[in-house]
Amino acid sequence: MTLNPREQILDAVRHHLPTEKVDYPAVPVFQKTISAMLPAFEARLKEAGATVHKPADLAAAQALLAQEHADAKVICSATPDLQGNRDIHKVVNPHELADVDVGVIRAGFGVAENGMVWLTQEDLVVNALGFLSQHLVILLKPTELVADMYDAYMRVHLEDTAYGCFMMGPSATADIGAVLVHGAQGARSLSVYLV
Amino acid sequence: MKVALFIPCYIDAIYPEAGIATYELLERFGLEVAYPLNQTCCGQPMANEGDQENSAAAERLFVENFSGYEYIIGPAGSCVKHVRHHLDAIPQTAAVTEVRTRTYELVEFLHDILQVEAFPWAYFRYKASLHNSCSAIRGLHIAQPSEHMAPYYNKSESLLKMVEGLELVPLDRPDECCGFGGTFCVTDEAVSARMGLDKVHDYERQRAEYVISPDMSCLMHQQGIARKAGIDMKFIHIAQVLNGGPF
Amino acid sequence: MAKQRVDVAGNAASFIDQDDIHEPVHDKNLWAARMKRDAAARAVPEWEDLRTIASLIKEHTLTHLDHYLEMFEANAIKRGAKVYWARDAAEHNQHVWEILSARNIDAIIKSKSMLQEECGMTAFLENRGISVTESDLGERIQQLDNQPPSHIVMPAIHKTPADIAGIFAKAIGTDPNNTDPHYLNEAMRADARKRFLKAGAGMTGANFAIAETGTFVVCTNEGNADIGASVPPVHIASIGIEKLLPKVSDLGVFIRLLSRSALGTLATQYTSHFSGPRKGGELHIIITDNGRSKRLGLDDFWHSLKCIRCGACMNTCPVYRRSGGLAYGATYSGPIGIILDPTFDESKYSELPYHSTLCGSCSEVCPVKIDISDQILKWRKVMAAKKYLPISRRLAFGAAGKVFEHPTLFHGAETAASAAMKVTPHFLLYNRGLNPWGRHRELPHFAKQTFREWYLQYKQTDKDQEPQQ
């Protein structure tokens, strides 16, 4: 009886497993190097090419959005906190987002170590909003920060969402002449509104 | 303490002054230095080719010549690294492992075993750069490799700092390989030569008058590159500096 | 057999000799990456501990790989992914083709995947009328120039902006004299956008696959993998069996190591986690072996399966920096390529293990502590034992071995300086016809008196043994 490829691969793996088994290592809790999370988060975000704003409240954030992106024709918001002019909940096909100038999303939390924000399929409503939009505005409560990647992975629940992304600033590439360029394929700019 | 001197073949024929300096330096520290006359080569050139068959004879002879000494000292990091880590073309008898663990590179012997604190006879009034070979750095831990995140140390540098008058100038790429690599320098001539030239230009940028190394094999290559490129620079073994000659 | 052997040294020489720009700039850019990596690593107090932990997690996973593969599969299926198994490149490509053809898809957009590269997938699909577009900028440049990537994370790093301006001018009509990376990037962004919207499927690889949740993780700086996964209705991911990690929390260790090692950045701009198909989409996962299970059985070489494809060993390798990645003539180049490529074809890649000075820097930068440098030496032993070495090299070492075996022969030949040339630096000069030592170097001056002669004249005492004559 011939085995199917799955069985054959698993058999081959079992047959070739190194005889000496290695135990899963003890992973210690490393001392935190970041004492003040918010300043660290802001500094890392800027290094990653993002901008940071601290509007006083949501109304101020709405005004800031209008001011920052005065030329934008299509603004699509995935969060009820800010209003755009394209209703994401009516989007059937991601292609409908191809003309979005500014996408607005509320992130679950940020990571002080590197300036990442955590966006899930639920935050994005339509995943493509995070990637087809020319510019992104990310809302984040300044209290929703974790220190580092160890803590970050304690907080994500991958079993609860089909898609989650740690985003660290705008799209970037250095593939031509090792020169850093923003806006390779994804967003050209990323602004975080701490509100 | 009776020690045996291991003089690699290219030092014997091309840089005998490095061997002489090593011999004299060890005598200055009161050691009884033997030089087994039947020594040839440790087997490294063949072993580095992966050629176990042809390195076995040289390795057997090496063990024969150097059995029974408290320490075996060689002024050459790459040869010592071979003996310590890769002399495995022959069966690993007790005699073989004994010789392998007792074989030391000169700098590590002076620094770790003798724990030398001064070279009162040595002075060297030049600006010089230090070249630790890759074998010595990553194979014998003579210095902290720049890519490994741990506290800095550099045994050759510590010894050279005891030499009066010597000004050590740091390099832009401190432990970048010079491209010698044994047979690599001829089988991969273009890359080897480019690496060597980049290395020599680094010394030149630091305005080094001398290049000092515990490994003459790297320097043989670098010196050849510098001469061909018309760069005036001198290359000497660390033993010559620590012993105060011969130059 | 000998005909198809990759002449890596010759290829590297051509890279150096082409002009005064490519090699120096390549070396400079990659050294800069290595320096950024050092700074990023130094800023993490537990860096060396992390390397050890990452190495052990990988070794644990690989020594229990069957268990974790089954766990990953079960969890991925539970979350709605369709899982396929491919023993080799042909099966992998066939799965892709069947998924596409069943849905009448004739255009795909793909992000970088070394596994798909390994499988020769693009050529396979193009031969069947499918249009394949690389979406990573560097990969796209290489695709338009009909070349494989020359570096794992910087595929076109061997090219100058002027080279790229020339390629884009022909392919998408940019100004051939405008070499500004911003201008070139903008032009490619506009071109790629149309292709993303036309594609019927997006293909990605995976950096990590998490057994406990059936999740796989893709890291990019451009966001191109995410567009490919979120815009077309079908997402196909190719995952090598060695990509497994047991737990989500392992990512805390590996994500911290990956980009710091690769480019000296704190992370990639996008670290994306796929656990099942997105809303309204399909997700197909092709778990692929292609020689990996066999490698797992090689005592000396299975640790190479720990590789997380960061490229740190390439950036630090002084030989790679002077050679350009294409010189290796293989999917994987640089130090990691030297130890992976022979597992695919020993004869073809038999020269690769010699394209190294064994300086050891690769082993020290490797975030999962693969003993790369030691494995290079072990591959040389394999090549020598299996007689893959060129005859000139074998004869030279046979002769040297004989001379070093016999003290009298050695010392007899060595005493006179002229004769010494025949023996001592024999290993340097054996290729007499070309005299490769002398092209860029002066020959060493032979001493008038060898050390041995000096010793016999001045130092030998009665208690020493007489030399055998």
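Scanning the stretch C:218-234 for residues that are in a strand (DSSP E or B), facing chain A (nearest Cβ under 10 Å) and touching a Leu at 6+ places or on another chain (Cβ under 9 Å) returns a single hit, C:Cys219. Whenever a residue of the stretch C:256-276 is at the interface with another protein chain (Cβ under 9 Å from one of its Cβ atoms), its partners that are modelled with pLDDT under 95, lying with C-beta atoms within less than 6 angstrom and at least six residues away or across chains, give the pairs C:Gln269/A:Gly169. Say whether the condition of being in contact with a helix residue (DSSP H, G or I) (Cβ under 9 Å, 6 or more places away or on another chain) and either in a strand (DSSP E or B) or within 14 Å of chain C (Cβ to nearest Cβ) (or both) is met by at least one residue in the stretch A:61-76. Among the residues of the stretch A:61-76, at least one is in contact with a helix residue (DSSP H, G or I) (Cβ under 9 Å, 6 or more places away or on another chain) and either in a strand (DSSP E or B) or within 14 Å of chain C (Cβ to nearest Cβ) (or both), which makes the answer yes.
Residues checked against (1) at pLDDT 95 or above; (2) outside the structural domain of C:Ile227 (by TED's automatic domain parsing); (3) not in a helix (DSSP H, G or I):
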{"site": "C:Leu30", "(1), (2), (3)": "yes, yes, no"}
{"site": "C:Asp38", "(1), (2), (3)": "yes, yes, no"}
{"site": "C:Leu69", "(1), (2), (3)": "yes, no, no"}
{"site": "C:Asn104", "(1), (2), (3)": "yes, no, yes"}
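Sub-9 Å Cβ pairs linking a first residue in the stretch C:195-222 that is on the phi > 0 side of the Ramachandran plot to a second residue that is small (Gly, Ala, Ser), at least 6 apart or interchain, are C:Gly214/C:Ala74; C:Gly214/C:Ala76; C:Gly214/C:Ala81; C:Gly214/C:Ser275; C:Gly214/C:Gly276, ordered by first then second residue. Of all residue pairs spaced 6 or more apart or on separate chains, those with beta-carbon atoms under 9 Å, a first member in the stretch C:55-69 that is without any contact (Cβ under 8 Å) to a residue 40 or more places away in the chain and a second member that is surrounded by fewer than 19 Cβ atoms within 10 Å (Cβ to Cβ) and β-branched (Val, Ile, Thr) are C:Leu56/A:Val22; C:Thr63/A:Thr19; C:Thr63/A:Val22; C:His64/A:Val22.
The condition of being farther than 30 Å from C:Leu257 by Cβ, part of a loop (DSSP other than H, G, I, E, B) and within 13 Å of chain C (Cβ to nearest Cβ) holds for only one of A:Val100, A:Val29, that being A:Val100.
Scanning the stretch C:306-326 for residues that are buried (at least 24 other Cβ atoms within 10 Å of the Cβ) and more than 14 Å from C:Ser363 (Cα to Cα) yields a count of 7.
Residues are listed down the side, and each one gets a yes or a no for (1) outside any helix (DSSP H, G or I); (2) over 25 Å from C:Leu389 (Cα atoms); (3) assigned by TED's automatic domain parsing to the domain that holds B:His237:
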{"residue": "B:Ile20", "(1), (2), (3)": "no, yes, no"}
{"residue": "B:Glu27", "(1), (2), (3)": "no, yes, no"}
{"residue": "B:Cys41", "(1), (2), (3)": "yes, no, no"}
{"residue": "B:Ser78", "(1), (2), (3)": "no, no, no"}
{"residue": "B:Lys81", "(1), (2), (3)": "no, no, no"}
{"residue": "B:Ile90", "(1), (2), (3)": "yes, no, no"}
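Which condition breaks for B:Tyr210 when tested against (1) surrounded by 17 or more Cβ atoms within 10 Å (Cβ to Cβ); (2) at positive phi? Of the numbered conditions (1) surrounded by 17 or more Cβ atoms within 10 Å (Cβ to Cβ); (2) at positive phi, the odd one out for B:Tyr210 is (2). Considering (1) in contact with a Ser or Thr (Cβ under 7 Å, 6 or more places away or on another chain); (2) not in a loop (DSSP other than H, G, I, E, B), the lone condition that A:His89 does not fulfil carries the number (1). Being part of a helix (DSSP H, G or I), of a type in the set (Val, Ile, Thr) and under 30 Å from C:Leu283 (Cβ atoms) is true of C:Val96. Looking across the stretch C:77-109, the residues that are more than 11 Å from chain A (Cβ to nearest Cβ) and closer than 17 Å to C:His273 by Cα come down to C:Ile77, C:Lys82.
One residue stands out in the stretch A:103-127 among those that are among the small types (Gly, Ala, Ser) and closer than 25 Å to C:Val253 by Cβ: the one that is surrounded by the most Cβ atoms within 10 Å (Cβ to Cβ), namely A:Gly110. Only one of the numbered conditions (1) within 17 Å of the chain's Cα centre (by Cα); (2) crowded, with 24+ Cβ neighbours inside 10 Å is violated by C:Gly329, and that is (2). You will find that of B:Pro8, B:Pro36, B:Pro16, the residue that is touching a Cys at 6+ places or on another chain (Cβ under 9 Å) and either over 23 Å from C:Val382 (Cα atoms) or facing chain C (nearest Cβ under 7 Å) (or both) is B:Pro8 and no other. Of the residues B:Asp215, B:Asp198, B:Asp188, the single one that is modelled with pLDDT under 95 and either farther than 12 Å from B:Ser129 by Cα or among the basic types (Lys, Arg) (or both) is B:Asp188. Report, ordered by the first and then the second residue, all pairs with beta carbons closer than 8 Å, sequence separation of six or more or different chains, a first member in the stretch C:317-330 that is more than 17 Å from C:Asp341 (Cα to Cα) and without any contact (Cβ under 8 Å) to a residue 60 or more places away in the chain, and a second member that is crowded, with 24+ Cβ neighbours inside 10 Å and among the β-branched types (Val, Ile, Thr). Close Cβ pairs (under 8 Å, with a partner that is crowded, with 24+ Cβ neighbours inside 10 Å and among the β-branched types (Val, Ile, Thr)) amount to C:Pro318/C:Thr357. Scanning the stretch B:165-182 for residues that are at the interface with another protein chain (Cβ under 7 Å from one of its Cβ atoms) and acidic (Asp, Glu) yields a single hit, B:Glu176. I want to confirm something. Restricting to the stretch C:256-277 and keeping residues that are β-branched (Val, Ile, Thr) and within 15 Å of C:Arg309 (Cβ to Cβ), which single residue is farthest from the chain's Cα centre (by Cα)? Of everything passing the filter in the stretch C:256-277, C:Thr271 is farthest from the chain's Cα centre (by Cα). If I ask for residues that are more than 7 Å from chain C (Cβ to nearest Cβ) and either within 24 Å of B:Leu242 (Cα to Cα) or outside any helix (DSSP H, G or I) (or both), which ones from the stretch B:183-201 would you list? Result: B:Lys199, B:Val200. If the condition is being away from chain C (no Cβ under 14 Å) and buried (at least 22 other Cβ atoms within 10 Å of the Cβ), then the stretch B:125-149 contributes B:Ala128, B:Ser129, B:Leu130.
The values are calculated or read from the model by the stated rules, or taken from the named source; none is laboratory data. Worth saying up front: this structure is predicted, and the values here are computed from it rather than measured. Ideal geometry is used to build each Cβ from the backbone, glycine not excepted, and the neighbour counts take in all protein chains shown.
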